[in-house]
Every structure is written in structure tokens, then in C-alpha cells.
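The values are calculated or read from the model by the stated rules, or taken from the named source; none is laboratory data. Quick caveat, the model's predicted, so the values are computed rather than measured. Glycine also receives a Cβ, built like all others from the backbone with ideal geometry; neighbour counts cover every protein chain displayed. Heavy atoms of the whole protein, side chains included, go into the accessibility calculation; ligands, DNA and RNA do not. Shrake-Rupley method; radii C 1.70, N 1.55, O 1.52, S 1.80 Å.
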Amino acid sequence: AETVVLAEGKTVVLDLNGKKILGGLQTDTSKHIYPFDIYGSLTINDSSANGSIEGRGIYVQTGSKLIVNGGSIYGIDSNGGSAIWQYGGDITINGGLIEQKAEGTYNFAINGLGGTVTVTGGKIAGNHGAIATAATEVVLNDGEFVCTGTTGLTDNVLYSYESGTIIINGGTFTADNDGPAGGCCVYDANGGVTINGGVFGNSSGGDVWGTTGTTIKGGKFENLTETSHIAEGYEMNANGEVVAK
């Protein structure tokens, strides 16, 4: 098997129709093949609801577009794999499942290194985390975001690094509550996070851990320990909801 390269300027709509695409092993290595390397525009649908793509991850290159409306995309390598590698294109997730199954350091369902990610539905899950962004603009309007970590790593749902930004308008965020160091729903390490809504919970390390770049203007929290991130003019009520004063 070889990586399918979608050239710049090419537009493809792929209906998985219940079929499975599996990136086999690379020659003389335990690493799987990257199923797709996108420079053009790829839309993924699944009219039979059981289709999937598995491998070392889908590359989304600068200037490209990936739209996921259905199907499942799995990252299955622990030695440097993610379900989707975001290298500067634009990703829109409207439905389906994006999951990083194997766990290792920096193994996220979506590993953002540039470009944009917009989520309006579906589920994004990863053993080490759902989405990490070092230089990506992420907007989460709805959907389910889960950390499924089971090892001793500190696992969080969302990571915002360096110049990466995350705006959360809605969705549900469930952290890993098993790791000895505790997991968070949102981990902001020198990035920028704005929370306008959403439901956050199951975090032993606190729903939000962050720098001064984190601002909370809405949402419902089960374990918000860092209340200093609540914006001026807002407060958390007895139900754990952040509302305007």
C-alpha cells in the first residue's frame, strides 16, 4: 500500500460507504503508512455509517482542506502517530469519529501545527488528548471531546501551545481521571483559550489549567479550581455555570 497524495487544486469527495481503508506497515518498520497526504480538498462522507480509515494519520498540508461529515478516522501508531496531522490547511469536522487509539507522548487525535480547525459535531478522542495546537486556530462550536488515557501519562482533552488558540463555544469535554498526576479538560501552556460555553468534567487535575492567556465567559464546570480565569463581569453560580453578573 502507498500513501494517496491529493494534489493541489484537486477536489475529491470520498464516500466510505461502510468500507475500511487500512494503511499497511511501512517497509522494514513497525510504523504504518499515512493513508492520505492532502494538498487539495478532500471531503469524507460515509453513507453506511460503518466506514473507517486507519493508519499513521492523515496529513493536511498548507493551503489544503479536509471536511469530515461521517465515518471514523483512527490513528493506530504509538511511535509518533495521530489520527490527523494539521500542517497548515483548514479542517472542518461536522460529524463522524476522529480517534487516536494508541498512546504515547504527543499522540493526539488532531495534532495541530498550523492552519485552522472548526468543529460543529462528531466525536474527537485520544489516549493522550483530543486536540493539541502549537500554531493552529481552533474553534469548537459543538461535539464530543474525550481523553481516553489509561497509562501513567498526564492526559488532557485539549492542549494549547505557543501561538495556538482555542475558542470554545459549546460541546462536552470529558477528561482522563485515571492518571496519577491528574488530567484536565483544557491545558493552556502559553497559548490562548477563550471559553464561551460547553460542559466540562471528570477532571482530577481541574477542568482548566492555564496561563494568563485563558479567559472564561461561559460554560458549566464540575471541577473548576482556577477561578481566576473567569472574566471580569462574570461569576460561577451554585450549579457550576459561569454567567454574567
What area, in nm² and to one decimal, does the C-alpha convex hull of the stretch 77-170 cast on average over all directions?
5.1
If I stretch the segment between Ser163 and Thr120 completely, what's the gain in nm (0.36 nm per residue apart, minus their alpha carbon distance), one decimal?
13.2 nm
Suppose each label sits 7 Å from its Cα in the direction of the beta carbon; what would the Ala244-Asn79 distance come out to in nanometres?
5.5
Greater than 26 Å apart at Cα, pairs in Lys20/Lys123; Lys10/Lys101; Lys220/Lys245:
Lys10/Lys101
Charge context of Ala130, other residues only, Cβ under 12 angstrom, K/R +1, D/E -1:
-3
Counting Lys and Arg as +1 and Asp and Glu as -1, what is the net charge of the other residues whose Cβ lies under 11 Å from the Cβ of Lys101?
-4
Label-point separation (nm) for Thr3 and Thr29, each offset 7 Å from Cα along Cα-to-Cβ?
0.9
So the carbon and sulfur contribution to the accessible area of the chain, 1.4 Å probe, in percent, is 47
For the chain, share of DSSP beta bridges that run antiparallel, in % to the nearest 5
10
Total formal charge among the other residues, if their Cβ is under 15 angstrom from that of Ser228, Lys/Arg +1 and Asp/Glu -1:
-4
Tell me whether the stretch 1-118 comes out rounded, prolate or oblate; compute the Cα gyration tensor, take square roots of the eigenvalues as a ≥ b ≥ c, and use a/c under 1.5 as the rounded threshold.
rounded
Can you tell me the accessible area per residue over the chain, all protein chains present, probe 1.4 angstrom, in square angstrom?
41
Collect residues whose amide H, placed 1.01 Å from N in the peptide plane, falls under 5 Å from the amide H of Gly18; neighbours closer than 5 in sequence don't count.
Ser47, Ser48, Ala49, Asn50, Gly51
Which of these, Tyr106, Tyr234, Tyr159, has the largest mean-square fluctuation under a Gaussian network model of the chain (Cα springs below 10 Å)?
Tyr234
Under 19 Å from the Ser48 label point (7 Å along Cα→beta-carbon), backbone N, the stretch 11-39:
13-23
Using alpha-carbon positions, what is the distance between the centroids of the stretch 39-90 and the stretch 209-236, in Å?
32
Work out how much length Thr225 to Thr11 would gain on full extension: take 0.36 nm times their residue separation and subtract the Cα-Cα distance, in nm to one decimal.
72.4 nm
For the chain, what size does the Cα cloud have along each of its three principal axes, sorted from largest down, in whole Å?
56, 36, 33
